[in-house]
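Presented below is the structure to which this report refers.
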Amino acid sequence: MKLKPFKLERFFARYEFSAPYLLSSSDCEAMTIGDLLALEPDATQKFHAHWLGYTESTGNPALRTAIAGLYQHIEPGQILVHNGAEEAIFNFMNAVLDHGDHVLVHYPCYQSLLEVVSGIGCEVTLWETHEADGWELDLDFLERNLQPNTRAIIFNCPHNPTGYLMSQAKLEAIFQLARERNILIFSDEVYRGLERNPADTLPAACDLYENAVSLGVMSKSLGLPGLRIGWIATRNHEIYTAMENFKDYLTICNGAPSEFLATLALRHRETIIGRNLQIIKDNLALLNPFFDYYSELFNWTPPKAGSTAFPSLKLEQDMDIEEFCINLVEHQGILLLPGTMYGWGNQNFRLGFGRKSLPDALAKLDRYLKERWAKE
């Protein structure tokens, strides 16, 4: 398999750990090990006594039980724990898909959702969404592009980078099309739990459809990317077994300390996500008027869920987004992610608003824009 360079990750490798003002991060506010252990009175003692031997390749039983509790119809034995979401994506696509399979991929998307299937030799149709349509998924396009060799439909909702969230009716319509043709669903749900309106929270794909694989991770909604713990949940035993076997050629098992801390965090999931939702709410209270004020410069679609949005420079500004973002980070220390890192046009950029540092970074951006465009 030959994979193209991961544009987004290479861009972040260049700037993420040196730029003082981060406005593009996809995750929520992280916490220290000490803060996490403080959630339970005896957690520190138990952590110090935790055994550092090999762990079970499928994941610690207590962790799998905690993850299964996030779903309605999933048992711990239907959870396969990975080293982050990236490994789970790579595993599914290599273990389940074959050269010549046709796959539809929700687009724009995190590059691995597209690049790995392409590297395998699958035929790929981009299920493209557009800012002018509020990033809405088009069911008619999906149905028209299903083929006899369509093996899987891949989508991400809540969506990175746009913040789009489909309706439950649309989700069920996708499953109906898949069920009629025995097509697999790979549902990237790493931002699940960050819906502005809890009533909009979608059921997990694995709960609604027997041939669906739901992807979860500690990194996004819970803001714990340093644990490197992700998972898949599926009721399809054949898929599960194929992925379990293939994982033996990847990391085999996960880090024991990370599994302990992830299990602890999941026991306090509501508290942690509640904190992160408050940060998001506070930040959006700044972002919405900011983009109203700069409506001559930017298009802004308020996100319904997640911790990212995908605004754009208006075309009349006659400026390439990559030029804009690189100038901004190299001369002002403000990091935005140009949409070109998604292979997407030349006007959009990802903005992340799940961290406490956003007010300072946004104030810095505001000063720059006022100087650059002399807006009073």
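The values are calculated or read from the model by the stated rules, or taken from the named source; none is laboratory data. Keep in mind it's a predicted model, so treat the numbers as computed, not measured. Glycine gets a Cβ as well: all are built from the backbone with ideal geometry, and neighbour counts include every protein chain shown.
So LYS170 passes all but one of these: (1) on the phi < 0 side of the Ramachandran plot; (2) part of a loop (DSSP other than H, G, I, E, B). Which condition number does it fail?
(2)
So, of the residues in the range 1-39 that are outside any loop (DSSP other than H, G, I, E, B) and among the acidic types (Asp, Glu), which turns out to be modelled with the lowest pLDDT?
Residue satisfying both the conditions and the ranking: GLU9.
Does the range 300-323 contain any residue that is of a type in the set (Lys, Arg), touching a Ser or Thr at 6+ places or on another chain (Cβ under 6 Å), outside any helix (DSSP H, G or I) and surrounded by 16 or more Cβ atoms within 10 Å (Cβ to Cβ)?
No, every residue in the range 300-323 fails to be of a type in the set (Lys, Arg), touching a Ser or Thr at 6+ places or on another chain (Cβ under 6 Å), outside any helix (DSSP H, G or I) and surrounded by 16 or more Cβ atoms within 10 Å (Cβ to Cβ).
It is to be established whether one or more residues within the range 313-332 are at pLDDT 95 or above, farther than 17 Å from GLU16 by Cα, basic (Lys, Arg) and not assigned by TED's automatic domain parsing to the domain that holds SER219.
Within the range 313-332, none of the residues are at pLDDT 95 or above, farther than 17 Å from GLU16 by Cα, basic (Lys, Arg) and not assigned by TED's automatic domain parsing to the domain that holds SER219.
Of all residues in the range 244-258, which are over 15 Å from ILE232 (Cα atoms), touching a residue at least 40 places away in the same chain (Cβ under 8 Å) and either within 20 Å of the chain's Cα centre (by Cα) or assigned to a helix (DSSP H, G or I) (or both)?
Correct list: ALA256, PRO257.
Tally the residues that are modelled with pLDDT under 95, within 22 Å of the chain's Cα centre (by Cα) and among the small types (Gly, Ala, Ser), restricting the search to the range 333-376.
Qualifying residue count for the region: 2.
In the set ILE232, ILE239, which member is assigned to a strand (DSSP E or B), assigned by TED's automatic domain parsing to the domain that holds LEU194 and surrounded by 17 or more Cβ atoms within 10 Å (Cβ to Cβ)?
On inspection, the qualifying residue turns out to be ILE232.
Give GLU143, GLU123 a once-over and let me know the one that is at pLDDT 95 or above, within 16 Å of ALA173 (Cα to Cα) and surrounded by fewer than 18 Cβ atoms within 10 Å (Cβ to Cβ).
GLU143
Residue by residue through the range 186-202, note down the ones that are of a type in the set (Gly, Ala, Ser) and not in a loop (DSSP other than H, G, I, E, B).
Scanning the range 186-202 gives SER187, ALA199.
For the range 202-217: of the residues being touching a Lys or Arg at 6+ places or on another chain (Cβ under 8 Å) and touching a residue at least 40 places away in the same chain (Cβ under 8 Å), which is nearest to TRP51 (Cα to Cα)?
Applying the filter and picking the extreme gives GLY216.
Would you mind telling me which numbered condition in (1) of a type outside the set (Asp, Glu); (2) surrounded by fewer than 17 Cβ atoms within 10 Å (Cβ to Cβ); (3) within 21 Å of ARG192 (Cβ to Cβ) HIS99 fails?
Condition not satisfied by HIS99: (3).
Applying the selection to the range 323-350, what residues are touching a residue at least 40 places away in the same chain (Cβ under 8 Å) and among the β-branched types (Val, Ile, Thr)?
Within the range 323-350, VAL329, ILE334, THR340 meet the criteria.
If LEU297 satisfies all but one of (1) surrounded by fewer than 21 Cβ atoms within 10 Å (Cβ to Cβ); (2) free of Cβ contacts under 8 Å to residues at least 60 places away in the same chain, what's the number of the condition it fails?
Just one mismatch for LEU297, condition (2).
Looking only at the range 13-54, which residues are in contact with a strand residue (DSSP E or B) (Cβ under 8 Å, 6 or more places away or on another chain) and of a type outside the set (S, T, N, Q)?
TYR15, GLU16, ALA19, TYR21, LEU22, LEU23, ASP27
Working only within the range 47-57, note down all residues that are under 10 Å from PHE260 (Cβ atoms) and either within 25 Å of the chain's Cα centre (by Cα) or outside any loop (DSSP other than H, G, I, E, B) (or both).
PHE47 - this is the single residue of the range 47-57 that is under 10 Å from PHE260 (Cβ atoms) and either within 25 Å of the chain's Cα centre (by Cα) or outside any loop (DSSP other than H, G, I, E, B) (or both).
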